[in-house]
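Here is the structure we will look at, set down as structure tokens.
The values are calculated or read from the model by the stated rules, or taken from the named source; none is laboratory data. Just so you know, these numbers come straight off a predicted model, no measurement behind them. Note that we place each Cβ from the backbone using ideal geometry, even for glycine, and neighbour counts take in every protein chain shown.
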Amino acid sequence: MAKVALITGVTGQDGSYLAEFLLEKGYEVHGIKRRASSLNTERVDHIYQDLHQIDAKFFLHYGDLTDTSNLTRLLKDIQPDEVYNLGAQSHVAVSFDSPEYTADVDAMGALRILEAIRFLGLEKKTRFYQASTSELYGEVQEIPQKETTPFHPRSPYAVAKMYAYWITVNYRESYGMYACNGILFNHESPRRGETFVTRKITRAFANIAHGLENCLYLGNMDALRDWGHAKDYVRMQWMMLQQEVADDFVIATGKQISVREFVKMSAQNAGITIEFTGSALEEIGTVTAVDQSIAPEVNVGDVLVKVDPRYFRPAEVETLLGDPSKAKKLLGWTPEITVEEMCAEMVENDLNKAKQHALLKKHGFDIAVAIENQG
Ligand code: NDP
Ligand code: GDR
């Protein structure tokens, strides 16, 4: 019998990679998608299967982490062996604008699933994975951060995720459930949402290279992050549910770079060399060399990066660096994709899209490239 998995947040970055990964392993995969006024399944459309197909293995269900009866009914109908709770209002900056909604989804959502598992008597059958985060460390107490490092969350998002972390531990300790936390550091990919900083940067340089955008506006470029690739991280999410005993693990690369360094790296992949001058709010990034075979619309001397204080956060997480040695030692997990390789992949993907948009525009099809100003 194929194992059955239920993924919340299946339409997101991690959910889509995890669904692919589990389907390849022979799982029957169920995902929860939200009702929206326009389609939001772009990241999983390529694995969609016609439900009339006799051997269909991938199923999408409408649902929401704020809706207890919906979650309980889905768990009752699906009877999953494994639940991956990846659904969340996952944007740290947005959580300052919508703190209550963020708490409802990110904190209470985890509780609702755990309670449904218990209510339905599935404690011994259903294993639970909670998408915890390095944001829990916030104002860091120790460098690098490991499983035993104290938490000090710095945003409504991180505080909500802290509740979810502890309620997962609590249900494991109280009811003997197989429930665990992956404390994942930032991970990215070409499927990363456009308002997270890495994708915002790679997409902006691709658009700038093809004359679709003029300037990239950023907040705190001194922030340091430990960036890995989502594909490596979803493999670990699955590994965590295959152990004899449930446990919590830090998942990270053990290396960090600044946002500014990621900007330079992305620009380089788009054929552009950037030098930064000025300080704090006045800092600008100017082009000092360009390969116009890659970036035909860019010239030396162009100012392509500026600081916009709107992107500063009320409280910032300045530095995150993970120590993944427990995962390496106990599970044999190591990340395979470096930040340099990931950045190159993201820029290449965005350059291909920008090239297509520019071509359409040239031929009179005015494609509006949405430049998101939130986040
Ligand atoms: P995304 O933002 O790409 O995906 C979030 C998913 O959650 C989407 O499918 C979204 O649906 C869904 N969602 C949002 N609100 C609700 C709701 N009310 N009910 C049900 N589903 C909802 O995030 P990632 O894939 O990057 O991250 C996955 C998880 O891991 C998240 O919980 C995130 O907080 C956490 N995490 C992520 C890290 C990272 O660096 N990527 C690091 C550490 C933790 P829709 O598509 O309709 O918006
Ligand atoms: P983060 O990711 O907050 O770490 O949360 P994000 O990419 O949004 O920010 C990383 C750092 O870059 C700085 N920054 C900017 N960020 C955004 N989004 N936009 C900007 O213009 C900008 N300029 C500078 C930020 O201030 C921050 O320091 C991500 C999410 O995936 C969470 O869900 C997850 O839990 C954590 O990673 C680990």
May I ask you to say which residue of 117, 143 is touching a residue at least 12 places away in the same chain (Cβ under 8 Å) and in a helix (DSSP H, G or I)?
117
Residue 209 being under 30 Å from residue 358 (Cβ atoms) and not polar (S, T, N, Q):
yes
Scanning the stretch 1-53 residue by residue, the ones that are part of a loop (DSSP other than H, G, I, E, B) and among the charged types (D, E, K, R) total 5
Report yes if residue 308 is touching a residue at least 24 places away in the same chain (Cβ under 8 Å) and within 21 Å of the chain's Cα centre (by Cα), otherwise no.
no
Considering each of 186, 181 in turn, give the residue that is in contact (Cβ under 8 Å) with a residue 12 or more places away in the chain, in contact with a Gly (Cβ under 8 Å, 6 or more places away or on another chain) and buried (at least 21 other Cβ atoms within 10 Å of the Cβ).
186
For the subset of the stretch 143-155 comprising residues that are away from ligand 2 (no atom under 12 Å from the Cβ) and over 21 Å from residue 236 (Cβ atoms), which member is surrounded by the most Cβ atoms within 10 Å (Cβ to Cβ)?
152
Which of the residues belonging to the stretch 312-370 are of a type in the set (S, T, N, Q) and in contact with a strand residue (DSSP E or B) (Cβ under 9 Å, 6 or more places away or on another chain)?
319, 325, 338
Only residues that are near ligand 1 (Cβ under 9 Å from one of its atoms) and within 20 Å of residue 227 (Cβ to Cβ): list them for the stretch 123-139, please.
131, 132, 133, 134, 135
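Residues checked against (1) of a type in the set (Val, Ile, Thr); (2) surrounded by 16 or more Cβ atoms within 10 Å (Cβ to Cβ); (3) in contact (Cβ under 8 Å) with a residue 40 or more places away in the chain:
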position: 208; (1), (2), (3): yes, yes, yes
position: 225; (1), (2), (3): no, yes, yes
position: 236; (1), (2), (3): no, yes, yes
position: 244; (1), (2), (3): no, no, no
position: 257; (1), (2), (3): yes, yes, yes
position: 266; (1), (2), (3): no, yes, yes
position: 275; (1), (2), (3): no, no, no
For the stretch 78-96, pairs from a residue that is under 8 Å from residue 8 (Cβ atoms) to a residue that is at pLDDT below 95 and more than 7 Å from ligand 1 (Cβ to nearest atom), with Cβ under 7 Å and 6 or more apart or across chains, are none
Could you list, in sequence order, all residues of the stretch 73-114 that are assigned to a helix (DSSP H, G or I), more than 16 Å from ligand 2 (Cβ to nearest atom) and in contact with a Lys or Arg (Cβ under 8 Å, 6 or more places away or on another chain)?
none
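Residues checked against (1) buried (at least 16 other Cβ atoms within 10 Å of the Cβ); (2) more than 13 Å from ligand 1 (Cβ to nearest atom):
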| position | (1), (2) |
| --- | --- |
| 45 | no, no |
| 57 | yes, yes |
| 60 | yes, no |
| 72 | yes, yes |
| 75 | yes, yes |
